[in-house]
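Reviewing the structure listed below.
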Amino acid sequence: MFGLFKRKKKEPADSVGTQSAEALLPSEDSSDAAPAETLPETPTSGTLASAAGEADSPRASESGIEAAVGESDAILPAAEPVAVERQPQDAIAPEQEPRKRSWAERLKAGLARTRQNLAGLFGRRRIDEELLEEIETTLLLADCGVEAAQWLMDALRRRIKKDGLTDAEQLRDVMAELLTELLLPLQQPLEVEAHRPFIIMVTGVNGAGKTTSIGKLAKYFQSQGKTVLLGAGDTFRAAAREQLVVWGERNGVPVIAQEHGDPAAVAFDAVQAAKARGVDVAIIDTAGRLPTQLHLMEEIAKVRRVIAKAEPGAPHEVLLVLDANIGQNAITQVEAFDKAVGLTGLVLTKLDGTAKGGVIAAIARRCPKPVRFIGVGEGIDDLRPFSARDFVEALLGIER
Ligand SMILES: Nc1nc2c(ncn2[C@@H]2O[C@H](COP(=O)(O)OP(=O)(O)OP(=O)(O)O)[C@@H](O)[C@H]2O)c(=O)[nH]1
Ligand SMILES: [Mg+2]
């Protein structure tokens, strides 16, 4: 993966707006995905305006969209070579570990910090007010947010009273039960049977893991016997298109892209192609954007409207990809993207890293949306449907 980004940086800009877009996208790297509020206002507001201007060009206008689609200049079937030089294997090779850790091991490793903090509290000691305060602090430090921490503590106190609990060791199972109760409503697997093609639009801030998740989703749906098509709706950077094309090749699925398109036109093309080819699932990538970049939020709302023009009722799923490491900023992102595009589900990525895991509880209390998938790595198989029970077990270190 890293190699891909290294190369991307060396490439000359080869599409309209690439340079300005590079300037406005703060980082591709997850670790740099700063919280929206803390990012300085971009010094490139001039280039931002020009990027937005392109998106609003007559070519992209909703009235002119049919004409624009007719001009589509690149429909890239899976095996077809593309103009850009790359080495797909190198670019998206998963970790070269002798034995790759299992899914559960990686999730557990990712949540280790929170688990260890909680484990220290559920040891041999009596339940008292001091312990309860420590548990609450640990929940807050684990990104649960005030509402979820409060909800869990109230429920915990009720259970202690009701069941007459005295020993801290008894609290681990109670906490597991309460957390599962809190998270279970978010466990709603994505069903793609209802429509054909089933159109998925993928949104999120820069570097959240959208494109990587799309690559993994393509594999996931194929493993379910579905045919898949991808739409390269991140038209800001040529490298973004290339990245999706590589994932398309890796999965052996077609990628709809345009050399000089705008996001709405590409999305329209992708839907049309999905209908014409009779594929089961079309997944449309979009460029990363911050909720504070209002014109870009408007642009993505337009992409959604154009998809609906191409196929009434679509998109059938609007996913927000969230980096699990961003803490309470996740709430801001869910609310902002929901307002702009009407979210129907979330993908939580990077749970294999330093994520504390509690953010999912915060989402459950503050802005509940189905968590369709969670990601625990950069490899093609590192995405799974969210299971509240598995997640809680990994978080609390419960073996079954
Ligand atoms: N460890 C880990 N890394 C991930 C995961 N998902 C994505 N990444 C990495 O995060 C980085 C950004 O991923 P992308 O898929 O390019 O993110 P994006 O949201 O498409 O980024 P932009 O298009 O630039 O907005 C890449 O280095 C990915 O390999 C995950 O679940 N775990
Ligand atoms: Mg991307």
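At-a-glance table
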read-out: Close pairs from the range 190-207: first under 18 Å from Asp338 (Cβ atoms) and buried (at least 24 other Cβ atoms within 10 Å of the Cβ), partner of a type in the set (Lys, Arg) and at pLDDT 95 or above, Cβ under 6 Å, at least 6 apart; value: Val202/Lys210; Gly204/Lys210
read-out: Test result for Ala355, in contact (Cβ under 8 Å) with a residue 60 or more places away in the chain, of a type in the set (A, V, I, L, M, F, W, C) and away from ligand 1 (no atom under 16 Å from the Cβ); value: no
read-out: Residue match in the range 318-337 (condition: away from ligand 1 (no atom under 16 Å from the Cβ), farther than 24 Å from Lys216 by Cβ, under 16 Å from the mean Cα position of the chain (by Cα) and not β-branched (Val, Ile, Thr)); value: yes
read-out: Residue pairs meeting the criteria (Cβ under 6 Å; at least 6 apart or on separate chains; first in contact (Cβ under 8 Å) with a residue 40 or more places away in the chain and farther than 20 Å from Arg196 by Cβ, in the range 220-245; second within 9 Å of ligand 2 (Cβ to nearest atom) and assigned to a helix (DSSP H, G or I)); value: Ala232/Leu244; Asp234/Ala240; Gln243/Thr211; Leu244/Thr211
read-out: Residue satisfying condition, being within 16 Å of the chain's Cα centre (by Cα), under 17 Å from Lys369 (Cα atoms) and within 16 Å of ligand 1 (Cβ to nearest atom), within set Ile200, Ile214; value: Ile200
read-out: Residue within the range 167-174 that is within 16 Å of ligand 1 (Cβ to nearest atom) and not small (Gly, Ala, Ser) present; value: no
read-out: Candidate set: the range 364-400, residues that are of a type outside the set (Phe, Trp, Tyr), within 11 Å of ligand 1 (Cβ to nearest atom) and in contact with a strand residue (DSSP E or B) (Cβ under 7 Å, 6 or more places away or on another chain); chosen: the one nearest to Arg101 (Cα to Cα); value: Asp382
read-out: Where Ile380 falls short, out of the listed (1) more than 19 Å from Gln224 (Cβ to Cβ); (2) in a loop (DSSP other than H, G, I, E, B); (3) within 16 Å of ligand 2 (Cβ to nearest atom); value: (1)
read-out: Selection count, the range 166-176, where residues are surrounded by fewer than 17 Cβ atoms within 10 Å (Cβ to Cβ) and over 20 Å from Gly357 (Cα atoms); value: 4
read-out: Top-ranked residue in the range 285-306 [being out of contact with any Phe, Trp or Tyr (no Cβ under 7 Å at 6 or more places or on another chain), among the aliphatic types (A, V, I, L, M) and within 18 Å of Asp269 (Cα to Cα); ranked as farthest from ligand 1 (Cβ to nearest atom)]; value: Ala301
read-out: Count of the range 324-350 residues which are touching a Cys at 6+ places or on another chain (Cβ under 8 Å) and more than 21 Å from Leu139 (Cβ to Cβ); value: 2
read-out: Members of the range 374-400 found to be touching a Leu at 6+ places or on another chain (Cβ under 6 Å) and buried (at least 22 other Cβ atoms within 10 Å of the Cβ), listed by number; value: Ile374, Gly375, Val376, Val392, Ala394, Leu395
read-out: Residue match in the range 335-357 (condition: in contact with a helix residue (DSSP H, G or I) (Cβ under 7 Å, 6 or more places away or on another chain), part of a helix (DSSP H, G or I), of a type in the set (D, E, K, R) and surrounded by 18 or more Cβ atoms within 10 Å (Cβ to Cβ)); value: no
read-out: Residues of the range 250-268 classified as away from ligand 1 (no atom under 16 Å from the Cβ) and within 20 Å of Lys226 (Cβ to Cβ), total; value: 4
read-out: Inter-residue pairs, beta-carbon under 6 Å, first under 25 Å from Pro370 (Cβ atoms) and in the range 293-318, second outside any helix (DSSP H, G or I) and among the aromatic types (Phe, Trp, Tyr), 6+ apart; value: His316/Phe198
read-out: Options Lys350, Lys339, Lys369; residue that is of a type in the set (D, E, K, R) and within 21 Å of Leu182 (Cα to Cα); value: Lys369
read-out: Wholly enclosed helices (runs of 4 or more DSSP H) of the range 227-319 bearing at least 2 residues away from ligand 2 (no atom under 16 Å from the Cβ) and aliphatic (A, V, I, L, M); value: 263-277, 294-310
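This table checks each residue for (1) among the small types (Gly, Ala, Ser); (2) under 19 Å from Gly209 (Cα atoms); (3) in contact with a Leu (Cβ under 7 Å, 6 or more places away or on another chain); (4) modelled with pLDDT of 95 or more.
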site: Gln258; (1), (2), (3), (4): no, no, no, no
site: Lys275; (1), (2), (3), (4): no, no, no, yes
site: Pro315; (1), (2), (3), (4): no, no, no, yes
site: Gln328; (1), (2), (3), (4): no, yes, no, no
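The values are calculated or read from the model by the stated rules, or taken from the named source; none is laboratory data. Keep in mind that this is a model prediction, so the values were computed, not measured. In this analysis, Cβ positions are derived from the backbone assuming ideal geometry, glycine residues included, and neighbour counts consider all displayed protein chains.
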